[in-house]
1. Can you name the number of the only condition in (1) among the hydrophobic types (A, V, I, L, M, F, W, C); (2) away from the ligand (no atom under 16 Å from the Cβ); (3) out of contact with any Lys or Arg (no Cβ under 8 Å at 6 or more places or on another chain) that Cys190 fails?
2. Collect the residues in the range 186-231 that are buried (at least 20 other Cβ atoms within 10 Å of the Cβ) and among the small types (Gly, Ala, Ser), keeping them in residue-number order.
3. Would you mind telling me which numbered condition in (1) away from the ligand (no atom under 16 Å from the Cβ); (2) part of a helix (DSSP H, G or I); (3) of a type outside the set (D, E, K, R); (4) under 21 Å from Leu158 (Cα atoms) Ala72 fails?
4. Considering only the range 130-185, state which residues are in a helix (DSSP H, G or I) and surrounded by fewer than 16 Cβ atoms within 10 Å (Cβ to Cβ).
5. Which of (1) in contact with a helix residue (DSSP H, G or I) (Cβ under 9 Å, 6 or more places away or on another chain); (2) at pLDDT 90 or above does Ala122 not meet, given it meets every other one?
6. Test of understanding: among Thr48, Thr27, which residue is away from the ligand (no atom under 14 Å from the Cβ), free of Cβ contacts under 8 Å to residues at least 60 places away in the same chain, not in a loop (DSSP other than H, G, I, E, B) and not charged (D, E, K, R)?
7. Conditions first: (1) more than 18 Å from Val26 (Cβ to Cβ); (2) buried (at least 17 other Cβ atoms within 10 Å of the Cβ); (3) within 16 Å of the ligand (Cβ to nearest atom). Phe248 passes all but one, so which condition is the exception?
8. Taking only pairs six or more apart or across chains, which ones have beta-carbon atoms under 6 Å, a first residue in the range 156-177 that is closer than 21 Å to His121 by Cα, and a second residue that is part of a loop (DSSP other than H, G, I, E, B) and basic (Lys, Arg)?
Amino acid sequence: MTGLALNNLSVGYASGRHVATVLSGVTGSVEAGRMVGLVGPNGAGKSTLLRSVAGLQPVLGGEVSLNGTPTATMSRRQIAQTLSTVLTDRISVARLTCRDIVSLGRHPHSGIGGRLRPHDHAVIDESLAAVGATELADAFVGELSDGQRQRVMVARALAQEPSILLLDEPTSFLDPPGRIALLGMLRHVCTTRDIAVVVCSHDIEPVMRYADTLWVAGRGTEVTMGAPEDLARAGALEDAFRTEGIAFDLHTLTFWQSDEGRPTAQVVGSGADADLARHTLTRSGYWVVEDPADAGVTVTVTDGGWSVNGQMVATLSELHDHLVGRQREDSRS
Ligand SMILES: Nc1ncnc2c1ncn2[C@@H]1O[C@H](COP(=O)(O)OP(=O)(O)OP(=O)(O)O)[C@@H](O)[C@H]1O
């Protein structure tokens, strides 16, 4: 198989006789051209898994195979020619240029003395272009924004010409559009370069838009794998993140306060104005229901704004104020 395969893998930390197993029985694969999103709460073991797969810490049991070959039988150089990583360690190389950093990715392929050949320079240029960082080639790394630096670190990993790419939190420190842009770029690179990608991220909703498969590390030692939507429907994300009073909303693919005990409302109408009214209702403390029979309040999208149980409001700010006032009155009566 081309790509990454994990067979009954156990990862964690051993110190003397004490063994702390973080994740166990992890069996799964990522084929070339496919992207896995690795998600889970803080401390679930995502970084431990990525570091173990990359050979940066010993596994406790089981097997990691790269393109069908167990890593236990591969040299470090062979592993580096197959797998590259973008990890969370902050680099302190402010006075290197982006091209210098990306050139480091050629190290596992370069000959004696590490001299770069014309082919290496071509790969470096292609890698910078693949992440949209051609213009940054001669900029110092210390002078980049977080988003630019993150793209350059991905370019370094691509310059390694890997079959498998592992990324730990590549979107942290990026603004919301930057997160989507980076994940979209990874998806593009994964498909066009036929790379097996595992990306660990706390940005569940954007990851769910791009990943073929989710690997969910929860509070136990198991990793649950499946299509993002199937796992969401089955409650696997809620289970993994299990937080009192917080539920995973299947409409928005985000976590919200759970609906129990909230007043109910429905929205009549369609399009962006209806979606925004639903958002305002949720923000105002209402549970948005589909069935009119369950709804205490009805918000209808109209030409001039919205009507709440027949009373017109022109803006969503007014809708919010009206809904909050209504709740206050209800709680007094
Ligand atoms: N060097 C270490 N020695 C011993 N235990 C460690 C070490 N590093 C991490 N751990 C423990 O392993 C567990 C998993 O940590 P890990 O960093 O893999 O979680 P994570 O899912 O990546 O969390 P986060 O989302 O917070 O980054 C935690 O209980 C952590 O305390």
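1. (3)
2. Ala196, Ser201, Ala211, Ala217, Gly218
3. Ala72 satisfies every listed condition except (4).
4. Scanning the range 130-185 gives Thr134, Glu135, Gly142, Glu143, Asp146, Pro176, Pro177, Gly184.
5. With (1) in contact with a helix residue (DSSP H, G or I) (Cβ under 9 Å, 6 or more places away or on another chain); (2) at pLDDT 90 or above applied to Ala122, the lone miss is (1).
6. On inspection, the qualifying residue turns out to be Thr27.
7. With (1) more than 18 Å from Val26 (Cβ to Cβ); (2) buried (at least 17 other Cβ atoms within 10 Å of the Cβ); (3) within 16 Å of the ligand (Cβ to nearest atom) applied to Phe248, the lone miss is (3).
8. Filtered contacts from the range 156-177: Ala159/Arg106.
The values are calculated or read from the model by the stated rules, or taken from the named source; none is laboratory data. Every value quoted in this text rests on a predicted model; they were computed, and no experiment measured them. Positions of Cβ are generated from backbone atoms using ideal geometry, with glycine treated the same way; all protein chains shown enter the neighbour counts.
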